[in-house]
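The values are calculated or read from the model by the stated rules, or taken from the named source; none is laboratory data. Since the structure is predicted, the reported quantities are computational estimates derived from the model, not experimental observations. Here the Cβ is made from the backbone with ideal geometry for all residues, glycine too, and neighbour counts use every protein chain on show. Quick note on the areas: whole protein, heavy atoms, side chains included, nothing else; ligands and nucleic acids left out. Shrake-Rupley method; radii C 1.70, N 1.55, O 1.52, S 1.80 Å.
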Amino acid sequence: MNYKKPTVMLLGRFQPFHNGHLALFEEALKKTGQVCLMVRDTGGIDESNPFDFEFVKQKIEEKLLPKYKDKFDVILVPNITNISYGRGVGYSIEEIVLPDEIQQISATQIRKEMK
């Protein structure tokens, strides 16, 4: 990934990374050609966050490396709960709305099935 090029940021817990996240990644990738997945450091804080960063990163890379090598990076960030900005910051905040069948994918349900 080229850190000087425009990049889409996806911030999340990815507990675990699933096909809904993959679809979101693919839409984000269309915008700039590369994506930074920022993983919030929430591993182990409660039942909704059972996986540590290394596990989350491994699962993301398993899904993305075969097809998207050099088009993404996965980094650990603090447990960010608010994103604030001033005027003229040079970036946009936008929601990517995916089809209903993808929006309905539930990480909570996936975690239950993993037990």
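Values for this structure:
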read-out	value
Theoretical ellipticity at 222 nm over the chain - DSSP helices of four or more residues, -39500 (n - 2.57) apiece, nearest 500	-11000 deg cm²/dmol
Two-decimal Rg to Rh for region 8-53 - Kirkwood Rh, Cα set	1.03
Per residue, in Å², the accessible surface of the chain once ligands and nucleic acids are set aside, probe 1.4 Å	67
Mean-position separation - Cα centroids, region 96-111 and region 35-87, in angstrom	17
Percent of beta bridges antiparallel (DSSP, the chain, rounded to nearest 5)	0
Cross-link reach list, lysines versus residue 115, counting only Cα pairs under 25 Å and skipping chain neighbours closer than eight places	57, 59, 63
Square roots of five times the Cα gyration tensor eigenvalues for the chain, Å	23, 17, 15
Under 5 Å, built H, 5+ apart or other chain: amide partners of residue 11	38
Dipole magnitude of region 2-52 about its Cα centre (Cβ charges: Lys, Arg +1; Asp, Glu -1), debye to nearest 20	440
Added length on full extension, which subtracts the Cα-Cα distance from 0.36 nm per residue, residue 97 to residue 84	2.5 nm
